[in-house]
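Quick notes on the structure that follows.
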Protein chains: 2
Amino acid sequence: MRAGVFDSGVGGLTVVKSLLEHGLFDEIIYFGDTARVPYGPKDKNTIIRYSLEAQEFFKNFDVDILITACNSVSAHAIEELRSNASFPVIGVIEPGVLALQNRGLDPKSQILVIGTQATIGSGKYQKLLREHGYNNILAKATPLFVPIVEEEIFEGPVLEATLQHYFDSLHPDAIILGCTHFPLIQDAIADYFNNEAVLIHSGEAIVEHLQKELGIKARKKTPSLKLFASENPEKLKKIAAHWLRDAFKTNEL
Amino acid sequence: MRAGVFDSGVGGLTVVKSLLEHGLFDEIIYFGDTARVPYGPKDKNTIIRYSLEAQEFFKNFDVDILITACNSVSAHAIEELRSNASFPVIGVIEPGVLALQNRGLDPKSQILVIGTQATIGSGKYQKLLREHGYNNILAKATPLFVPIVEEEIFEGPVLEATLQHYFDSLHPDAIILGCTHFPLIQDAIADYFNNEAVLIHSGEAIVEHLQKELGIKARKKTPSLKLFASENPEKLKKIAAHWLRDAFKTNEL
């Protein structure tokens with residue numbers, strides 16, 4: 001089974017990491033639109049246009065399923081992608097909300113959703129959370145975390161000041177990490193809230209969804225991975241070699 | 001005289017502000033490539049490709065001169081733009097270095113150049129500074145300042161932590177603000193260095209260059225301004241109305 005993973009840039013590798021760790025496919029084709037990253041501050045119409053262009057790329061590979069790792073794409077372009085594809089297209093928003101529910105959180109729990117301006121502005125997480133009975137929702141665009149992660153800052157004063165900037169006086173019971181970059185600072189986020197909040201990670205959520213809802217089973221062999229980018233594929237491969245080294249435990253990249 | 005001003009996004013409005021304040025043209029046509037912003041982390045080849053596409057847009061307006069407000073474009077695509085244009089194309093790098101020289105700084109002065117990865121990585125400022133006799137150069141990519149300004153953070157703990165992150169233990173005599181966003185935090189940068197460093201602002205530098213080198217004279221009337229963006233032109237106009245309100249002193253936008 002061949003899966004396509006689409007992301008606006010390199011961040012979607014956090015989702016690939018989860019897929020690799022659980023061995024969910026035989027082959028993964030990753031495309032990052034690095035020439036036009038980030039999508040997060042962009043318009044719905046632009047995100048739809050770029051997403052449909054990326055989907056054409058995946059049609060070359062005869063994929064069995066397309067996973068949109070990018071929350072901004074999942075929030076704005078999922079219907080358009082679905083209506084233009086002959087294969088299932090899975091976003092990260094529904095899996096994220098289902099993963100939250102599977103943690104058995106009380107409906108009165110306060111849920112903090114963080115993401116890009118596009119993701120939060122779409123209201124998609126908020127709507128789906130309400131449909132699942134969660135009404136105590138805080139939704140907050142936290143766009144600075146993206147360039148901070150891209151600067152490879154995972155701890156220290158800049159990150160601490162930014163956590164304080166966004167989270168001052170919040171005490172959520174659970175946090176949906178609604179952007180592919182955020183799992184890379186999940187330890188700092190968890191620490192900020194004294195490890196008292198449940199964290200939902202899109203990669204883990206999508207694995208749960210693929211296993212439970214679509215019945216996709218783990219392979220014995222680590223999936224093969226092909227990486228593509230709209231600019232600087234070498235940089236994508238370098239980052240993948242670094243981020244995914246534990247998932248592969250070899251030098252396969 | 002009609003000038004085109006090209007930028008990767010909204011930041012180039014800081015250059016427009018200087019042009020308006022000095023009344024240097026009759027008409028200014030601004031184009032921000034907001035659908036593909038930022039250029040700063042992108043490849044030379046991508047920046048050239050996007051810049052040449054933007055230049056085609058300006059050909060519709062019969063401009064007499066094109067100013068590339070974006071330092072990343074000025075660093076990587078200026079030759080390509082020049083060889084594809086029948087009008088002069090002016091970047092911000094040469095004016096910046098000339099403005100520094102006009103401040104009468106001793107050749108032994110330590111010059112700190114800050115900008116995006118693309119601008120600093122190109123080595124263009126460094127090369128030109130050395131050609132003008134400045135050999136004590138520190139060049140530093142400070143990409144986080146861009147999203148911080150876009151979050152409208154102009155002071156406070158996040159900015160202070162980031163200033164400390166980039167500038168800890170530096171004591172430059174002059175700083176070239178090699179990105180259109182940086183003039184918006186120039187007060188914080190000046191404060192960080194106890195107002196002891198000379199700051200060079202691309203907008204002011206280009207005005208100096210246009211007046212001294214090209215003999216362009218001030219008009220009595222504030223230039224008219226037309227704003228275009230590759231996505232969300234309304235947002236560009238809103239930001240312009242805010243940033244340029246002093247330059248216009250009216251509600252002309």
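The table below gives the values:
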quantity	calculated
Anisotropy class of region A:1-112 from Cα gyration tensor, a/c 1.5 cut	oblate
Label point 7 Å beyond Cα along the C-beta direction, distances from A:Q164 to other copies (nm, shortest first)	0.8
Exposure of A:H22 as accessible area (Å², to 10), given a probe of 1.4 Å and all protein chains	60
Magnitude of the charge dipole, region A:93-202, Cβ model with Lys/Arg +1 and Asp/Glu -1, debye to 20	620
Calculated label separations, A:R49, copies of the chain, 7 Å along the beta-carbon direction, nm	1.6
Ascending list, in nanometres, of distances separating the A:N136 label from those of the other copies (7 Å, Cα toward Cβ)	6.0
Farthest toward positive dipole pole in region B:171-253 [+1 Lys/Arg, -1 Asp/Glu at C-beta], among B:L244, B:L227, B:L199	B:L227
Centroid-to-centroid separation of region A:169-241 and region A:1-29 [C-alpha atoms, Å]	10
A:F154 accessible area, 1.4 Å probe, all protein chains in place, Å² to nearest 10	80
Residues in region B:211-245 occluded by at least 50 Å² - accessible area, probe radius 1.4 Å, against chain by itself	B:E231
Chains B and A, summed buried accessible surface - 1.4 Å probe, Å², nearest 100	1800
Residues of region A:81-96 with amide N under 12 Å of a point placed 7 Å along Cα→Cβ from A:D64	A:88
Within chain A, helix-based [θ] at 222 nm, where runs of 4 or more DSSP H residues each add -39,500 (n - 2.57), nearest 500	-12000 deg cm²/dmol
Selected from B:I137, A:L52, A:L144, residue furthest toward positive end of dipole (the protein assembly as shown; charges at beta carbon)	A:L52
Cα gyration tensor shape for chain A, rounded if a/c is under 1.5, else prolate or oblate	rounded
Angle between chain B longest axis and helix B:233-243 axis [Cα atoms, degrees, rounded to 10]	60
Fraction of beta bridges assigned by DSSP in region A:93-202 that are antiparallel (%, nearest 5)	0
Rounded accessible area per residue of chain A, 1.4 Å, Å²	42
Only Lys, Arg (+1) and Asp, Glu (-1) charged, at Cβ; the protein assembly as shown dipole about Cα centre in debye	960
Solvent-accessible surface (1.4 angstrom probe) belonging to B:R49, in square angstrom, nearest 10	110
Relative contact order of region B:59-208, defined on C-alpha pairs under 8 angstrom at six or more residues apart (%)	27
Max mean-square fluctuation residue, GNM over chain B, Cα-Cα springs under 10 Å, options B:K108, B:K17, B:K124	B:K108
Inter-label distance for A:L138 and B:A190, nm, one decimal - labels placed 7 Å from Cα along Cα-to-Cβ	3.7
Positive dipole terminus of chain B, leading residue within B:I28, B:T162, B:V63 (C-beta point charges)	B:V63
Heavy-atom accessible surface of the protein assembly as shown: percent carbon and sulfur, 1.4 Å	47
Partner chain coverage, peptide B:177-189 - average Cβ within 10 angstrom	0
Chain B: angle of helix B:44-59 to the longest principal axis, Cα-based, in degrees nearest 10	30
Per-residue average of Cβ from other chains inside 10 Å of B:40-46	4
Charge tally in the Cβ shell below 14 Å around B:H171, where Lys, Arg are +1 and Asp, Glu are -1, B:H171 excluded	-1
Protein-only accessible surface order, largest first, of A:V37, A:V97 at 1.4 Å	A:V37, A:V97
Residues of region A:150-165 buried by at least 20 Å² on assembly (accessible area, 1.4 Å probe, chain alone as reference)	A:E151, A:I153, A:V158, A:A161, A:H165
Whether the protein assembly as shown is rounded, prolate or oblate, judged on the alpha carbon gyration tensor where a/c under 1.5 counts as rounded	prolate
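The values are calculated or read from the model by the stated rules, or taken from the named source; none is laboratory data. Remember, it's a predicted structure, so these values are computed and weren't measured experimentally. Cβ coordinates were reconstructed from backbone atoms using ideal geometry, including for glycine residues, and neighbour counts include every protein chain displayed. These area figures cover heavy atoms from the full protein model, side chains too; ligands, DNA and RNA do not enter into them. Shrake-Rupley method; radii C 1.70, N 1.55, O 1.52, S 1.80 Å.
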